[in-house]
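Single-structure report; data block below.
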Amino acid sequence: LYLDGKLERTINNINTNIQSSIMHVGQQPPGWSESNFNGPIFETQLFMQGLDAGTVASQSLALKEAYANAPDWSAKGKGDFDTGVGNMHGADRTIIMALKWSTWWAGRRQWVMNLGQWGGAAEHWLWNSGNSISFGRWGGGGTINDAPMSGKSVLAMVRKSDQLKLYLDGNLVGTVNNVKEDIQNSMIHIGNQPPGWSESNFNGPIYETQLFTRALDANEVSTRSIALMGQYADMPDFTAIGKGNFDTGVGNLHGRDHTIIMAMRWSSLWEDRRQWLLDFGQWDSGAQHWLWNGDTGPSSSISFGGWAGNTIGEAPMYGNSVIATVRKGNTYNLYLDGKLERTINNINTNIQSSIMHVGQQPPGWSESNFNGPIFETQLFMQGLDAGTVASQSLALKEAYANAPDWSAKGKGDFDTGVGNMHGADRTIIMALKWSTWWAGRRQWVMNLGQWGGAAEHWLWNSGNSISFGRWGGGGTINDAPMSGKSVLAMVRKSDQLKLYLDGNLVGTVNNVKEDIQNSMIHIGNQPPGWSESNFNGPIYETQLFTRALDANEVSTRSIALMGQYADMPDFTAIGKGNFDTGVGNLHGRDHTIIMAMRWSSLWEDRRQWLLDFGQWDSGAQHWLWNGDTGPSSSISFGGWAGNTIGEAPMYGNSVIATVRKGNTYNLYLDGKL
């Protein structure tokens, strides 16, 4: 037994009765009257060998240093959490929280934190939405009435013996002696009031909460508070990635200063209906909303503010943009790419909640969801000045300048979220690897917009021939070098369709006809019930653009994708399990399998299965190991009547590999044949 790398005790002739590979960390056996471990357990490591004292010492000291300054428990955001540290009734402790005080108050106290139970005797922070905060237990704590509680802050409470101290931004602001409390469990409730109470949840964002099962001194509280303030200083109060309906968690901002900044791309798809970019606070006319008329260029227009807000009719709404609205007092400003476009005075909105609807029209409405991509939406609980809006907007625009409108890894059926692209300019770029396996049937590489012949699709006949465009109205390339890793791209511009392979133009179809019916894209899958075939090679990444890229950009992006996936395996698995490689049936085909593992010293006098590929049967490729280690170990590989290696040094960490090339099958151990 070692403690902090130092040998503490030795037992000889040890007797144990281990029956399985299960490890129970910090948990007592079910039904026992003992206790789970009440302190944090950061990391547990298992080695299948007896380490020497020097290795134990170095490994132990490295882990001790890695977790030296870690909190005993931490969480991001609001919620009800089990800290796992046990009942802290009467125990020394420290809680540190990074948050932002809200300017919104409904005349009720807001619950910042409640520790140990939903009740007055627990440790809690109650804020009255001014500069007053109650801390400690109900009727036995303290109240601070003059602390500067505005903007972003770090709040900390330290209990030591029977004394409770409250810190704000690292400075001591209040002390309670002879603390009384009745903490009953290990729960912590962050930002939530008790169920059924007539108080209020906390209306500002809570970024992070840290719990320590010890009383930090004033210097450490100050150091950690300053670090947290710096970490969250420039962070938005809420951020959403993509489209959806989100609870911002900042309370009702009706009549309050705030800023919303959104990075997106204007779509060329328009169904003669207004598209909803954003609706904040309710799905109704009185909420703050952005409604776009769906056209682009100099004739485009956007409505913003409440329903009786304002309209911008001449802003250049095309390509990548960042749109921002700033409410400050009764003034409402709209910015496009950091430039002020319009101001509304005496703004009138009726925001009723903290919900933000991004890219979604209200249910049942006959308008339209937004058809372009929305990359990121940021909410700030203050009216940012023009300079900050400009710098934040330009940073977001640059961050997403080269982003596809939609992208996916691997195969599957996906909703691109960009609307129906029937007749629209577009580009699809796909990094893949052509398979050498073919069952005499065409393989479906991609199908856009419907499961049918009139959609845009790529069908490959497993030679050098690929059909593209709609069924009976597209084109076929018969001589393109389709082998190994490639990047396939298709560009539609007006009524012309171009096919590129590895950045080079290989085919063109004029007078394109298609019948795309939706925003779905099917990658690597044939239509259900068809007698064709799924694509048998790996598909690494697919990118969709709602515009026609020119030849130079297609070439640049294709070369970048080829470089990105050049050295990538065709399939990778982490750990043990049963996996579909997605590369088709490799019977009789060249292939290589490489596995990093560690030989076990556990042997039950039965062969151990390392790998079986292609079926669970004797004819599949498999590795069967006899379970012994050292010079007497042996491994069988190949089919059941394959071969056996009986003298390879199979112990410790190893990498085993098999290579089939033609009719030759090689086994490597740690890179050696």
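Key figures
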{"item": "Whole-number percent relative contact order across the chain, with pairs defined as alpha carbons under 8 Å at least 6 apart", "result": "9"}
{"item": "222 nm mean residue ellipticity, helices alone, for the chain (DSSP H n ≥ 4; -39,500 (n - 2.57); rounded to 500)", "result": "-3000 deg cm²/dmol"}
{"item": "Zone residues, region 1-32, relative to Val56, backbone N less than 18 Å from point 7 Å out along Cα-to-Cβ", "result": "1-16"}
{"item": "Interchain or long-range residues, amide H under 5 Å from Lys339's placed H", "result": "none"}
{"item": "Unsatisfied cross-links (Cα-Cα over 18 Å) in the set Lys76/Lys165; Lys76/Lys152; Lys409/Lys661; Lys152/Lys397; Lys78/Lys152; Lys100/Lys243", "result": "Lys76/Lys165; Lys409/Lys661; Lys152/Lys397; Lys100/Lys243"}
{"item": "Karplus-derived 3J(HN,Hα), 6.51/-1.76/1.60, for each residue of region 143-156, Hz, glycine and proline x", "result": "10, 9, 9, 10, 6, x, 8, 8, x, 7, 9, 10, 9, 9"}
{"item": "Phi-based couplings in Hz for region 13-19 (Karplus 6.51, -1.76, 1.60; Gly and Pro marked x)", "result": "6, 5, 10, 10, 9, 6, 10"}
{"item": "³J(HN,Hα), Karplus 6.51/-1.76/1.60, whole Hz, each residue of region 40-55, x for Gly, Pro", "result": "x, 10, 7, 7, 10, 10, 10, 10, 8, 7, x, 5, 6, 4, x, 5"}
{"item": "Highest average packing first - 1-12, 49-60, 189-200, Cβ atoms within 10 Å", "result": "189-200, 49-60, 1-12"}
{"item": "Probe 1.4 Å, all protein chains present, accessible-area order of Tyr232, Tyr651, largest first", "result": "Tyr651, Tyr232"}
{"item": "For region 505-564 and region 573-599, distance of Cα centres in Å", "result": "27"}
{"item": "Reachable lysines, given that their alpha-carbon falls under 16 Å from the alpha-carbon of Lys498 and they are not under 8 places away in the same chain", "result": "Lys513"}
{"item": "Assigned charges on the beta-carbon of Lys, Arg, Asp, Glu; the chain dipole about Cα centre (debye)", "result": "260"}
{"item": "Cα-based Rg and Dmax for region 1-94, where Dmax is the largest Cα-Cα distance (Å)", "result": "17.0, 52"}
{"item": "Convex hull (Cα only) mean projected area of region 20-71, reported in nm² to one decimal", "result": "5.2"}
{"item": "Peptides 395-408, 202-215 ordered by average Cβ neighbours within 10 Å, highest first", "result": "202-215, 395-408"}
{"item": "Most to least packed among 242-249, 423-430 [average Cβ atoms within 10 Å]", "result": "423-430, 242-249"}
{"item": "Region 319-469: C-alpha pair distances exceeding 23 Å, %", "result": "57"}
{"item": "Cα-based reach from Lys180 at 16 Å (exclusive), listing aspartates and glutamates while leaving out same-chain residues under 8 positions away", "result": "Asp92, Glu123, Asp162"}
{"item": "For region 23-164, the fraction of alpha-carbon pairs in successive 10 Å shells from zero, as %", "result": "9, 30, 29, 18, 11, 4, 0"}
{"item": "Alpha-carbon Rg with Dmax, taken over the chain, Å", "result": "31.6, 87"}
{"item": "DSSP-assigned coil residues among chymotrypsin sites (Phe, Trp or Tyr not before Pro) in region 356-393, each with at most 13 further Cβ atoms within 10 Å", "result": "Trp365"}
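The values are calculated or read from the model by the stated rules, or taken from the named source; none is laboratory data. In this text, all values refer to a predicted model and were calculated from it rather than measured experimentally. Cβ: placed from backbone, ideal geometry, glycine included. Neighbour counts: every protein chain shown. To get the accessible areas, we keep the full protein, side chains included, count just its heavy atoms, and leave off ligands, DNA and RNA. Shrake-Rupley method; radii C 1.70, N 1.55, O 1.52, S 1.80 Å.
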